[in-house]
1. Which of the residues that make up segment 1-24 are open to solvent by less than 50 Å² (accessible area, probe 1.4 Å), out of contact with any Lys or Arg (no Cβ under 7 Å at 6 or more places or on another chain) and under 13 Å from residue 61 (Cβ atoms)?
2. Can you pull out the residues in segment 43-64 that are open to solvent by less than 90 Å² (accessible area, probe 1.4 Å), within 17 Å of residue 11 (Cβ to Cβ) and aliphatic (A, V, I, L, M)?
3. Checking the structure you have, find out if any residue of segment 34-42 is polar (S, T, N, Q), in contact with a strand residue (DSSP E or B) (Cβ under 9 Å, 6 or more places away or on another chain) and under 16 Å from residue 9 (Cβ atoms).
4. Regarding residue 29, is this residue loosely packed, with under 15 Cβ neighbours inside 10 Å, basic (Lys, Arg), part of a strand (DSSP E or B) and in contact (Cβ under 8 Å) with a residue 24 or more places away in the chain?
5. Yes or no: residue 15 part of a strand (DSSP E or B) and either at pLDDT 95 or above or among the hydroxyl-bearing types (Ser, Thr, Tyr) (or both)?
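The values are calculated or read from the model by the stated rules, or taken from the named source; none is laboratory data. These figures come from a predicted structure and were not determined experimentally. Cβ sites come from the backbone with ideal geometry, for glycine too, and all protein chains shown count toward neighbours. Accessible surface is based on the protein model in full, side chains and every heavy atom, while ligands, DNA and RNA are left aside. Shrake-Rupley method; radii C 1.70, N 1.55, O 1.52, S 1.80 Å.
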Amino acid sequence: MSVRLEDITPGALVSGIAGDSPVVVVAVRWIGSNALQLTYRTEHGRLDERLLYRDHETRLTLRKASVAFDFSGDGALFKL
């Protein structure tokens, strides 16, 4: 299943960027509406960057989507 560039967000696990092994997305920065600069971490812990364009979408697979919000914190520790 291919993904759209909009689906690639920090925390996502994506394959098709650095060979067959999946990478963890660290940061994305859009360049116009058809390309993004991707910073990712390989399975060996190395940081790298790559430009992705719309024609890369067919080669990418989203293994695990990132979570926008995490509500796993201790509510008793929350203070206003």
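1. Hits for segment 1-24 are 3, 8, 18, 21.
2. Of everything in segment 43-64, those that are open to solvent by less than 90 Å² (accessible area, probe 1.4 Å), within 17 Å of residue 11 (Cβ to Cβ) and aliphatic (A, V, I, L, M) turn out to be 52, 60, 62.
3. yes
4. The answer is no for residue 29.
5. Answer is yes for this residue.
Residue by residue, here is whether (1) in a loop (DSSP other than H, G, I, E, B); (2) hydroxyl-bearing (Ser, Thr, Tyr); (3) on the phi > 0 side of the Ramachandran plot; (4) modelled with pLDDT under 95 holds:
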position	(1), (2), (3), (4)
10	yes, no, no, yes
40	no, yes, no, no
55	no, no, no, yes
58	no, yes, no, yes
69	yes, no, no, yes
73	yes, no, no, yes
80	yes, no, no, yes
